[in-house]
Amino acid sequence: MTVNSTDPAAPASPGERLRPQARFPVTLEGQPALVTGANSGIGRAVALGLAAAGADVVVNYVVDPVSAEEVVHEIEARGRKAIAIKADVSNEDDVRSMFARAIDHFGTLHIVVNNAGLQRDAPLHEMTIDQWNKVIGVNLTGQFLCAREAVREFKRRGIVGDISAAAGKLVCMSSVHQEIPWAGHANYAASKGGVMQHRAGSRPHRHPRQRHRTRRHPDAHQSARLGDEGSVRKPDDAGALQAHRRAGRHRAGGRLARLRRRRLRHRRHPVHRRRHDPIPRLRKRRLGKASGS
């Protein structure tokens, strides 16, 4: 029987795996950061990670202010400064007000992490315009509004050589579903595909020394998703998601796609290219079936 102990110095229970503590190099001192949707999930982890690396952090939230304050207290316990600001990233006035408060509090912003996102799932024929607009508004328009305000601040301040070699860092969280189709989530997949193109399309307009990166979301199943009132989704939703995974819709292509990948690997070895190429054999079998042979 495993006995849980709150004493960090207590020995590990038999059979319990030890998890190494990640050590962050302190390289972000003097570089205040703003993280949207930082009161839970990946946003919370990013905010704490930035604080561990030396940054003061603005914790943005739209629901659950108690969780946001808990993140602020954790950051302050690490010796960094933090402030929680409520703002709906899909609302232009809220975004402008949030950036104005953050800059007034910390003097400037060097790092902005576009993390806020949500889902409103439904089959295409049942999806309402409100569900579509809500997801596009937060996941895509929200990233545009925050990115625009961030770049404006970066260009206004310019490069501070003794702080950073870049005018600023802008991180846009996307998802594997910017490329992988997801049945029943047309609005979510469209918003994440839009993030990818928004990031690519904004490159010519950025400051020459301003860093601009997109980071993919690990997997929509692995992050906490909130309901309409900010509550965790119900177990029946989780069951539906598990059924969806069992249906195999996350596979990146079928047998032919796998064989194509194998052929690409064989191209590195010209001696085996023609003898082991599986594509012609598969096509011959398909042609034989089509002709009735």
Within region 99-139, which residues have the backbone N less than 20 Å from the label spot 7 Å out from E69 along Cα→beta-carbon, could you tell me?
102
Between D162 and D104, how many nm apart are label points set 7 Å from Cα along the C-beta direction?
2.8
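Can you tell me how much longer the chain between L124 and M196 gets when fully stretched, taken as 0.36 nm per residue apart minus their C-alpha distance, in nm with one decimal? Can you show the working numbers first?
Details: separation 72, 0.36 × 72 = 25.92 nm, distance 2.22 nm.
That pair, L124 and M196, stretches by 23.7 nm at full extension.
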Distance (nanometres) between label positions extended 7 Å along Cα→Cβ at S97 and K81:
2.3
Long-range amide H partners of S175, meaning residues 5 or more apart or on another chain whose placed amide H is closer than 5 Å, are H217
Just order 66-79, 102-115, 34-47 by mean Cβ neighbour count inside 10 Å, highest at the front, would you?
34-47, 102-115, 66-79
10 Å-binned pair-distance histogram of region 34-184 (Cα, whole percent)
11, 39, 33, 13, 3, 0
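Each reported figure results from applying straightforward, stated rules to the coordinates on display, with no laboratory input. Because the structure is a prediction, the values reported are computed rather than measured. Neighbour counts are summed over all protein chains in view; Cβ atoms, including those assigned to glycine, are modelled from backbone coordinates with ideal geometry.
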